[in-house]
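Taking it in order: structure first as structure tokens, then the write-up.
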Amino acid sequence: MRKPRDYDSELKALEDKARELKARKVQQLGELVIATGADALSTDELAGALIVLAETTEAGRKEAWAKRGAAFFHGRARRSAPAPDRNAGGAPTQPGGAQPASGGAGAV
């Protein structure tokens, strides 16, 4: 006879992992804001800019932002020692494939 599954402990473990991933995402987004110099903006300015970016549907504009973001990360990689968690694209690594909703790191 098989041992019964402990659904409560499995659910708690999943909730803990989700909480950890969310905290890591928040930390990485904060690091991105600081690295790009956007921390010099007021909270209202930064929020407004991010809203405009998220609402933009023009593919060409988003592609240009993505290229500029990739260039930012590649330029940073040459100036500093490579971080152990930096992937080939330079964007923060998110376990489970979760990425920021903005569609890429170049959007900030």
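Here are the numbers:
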| quantity | calculated |
| --- | --- |
| Segment 48-58 - residue that is surrounded by fewer than 11 Cβ atoms within 10 Å (Cβ to Cβ) and among the aliphatic types (A, V, I, L, M) and, of those, farthest from the chain's Cα centre (by Cα) | Val52 |
| First in segment 32-52 and in a helix (DSSP H, G or I), second anywhere and of a type in the set (D, E, K, R), Cβ under 8 Å, 6 or more apart | Val33/Asp39; Ala35/Arg76 |
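Throughout, read-outs are computed from the coordinates displayed, never taken from laboratory work. Because the structure is a prediction, the values reported are computed rather than measured. Don't worry about glycine lacking a Cβ; one is built from the backbone with ideal geometry, like all the others, and counts go over all protein chains shown.
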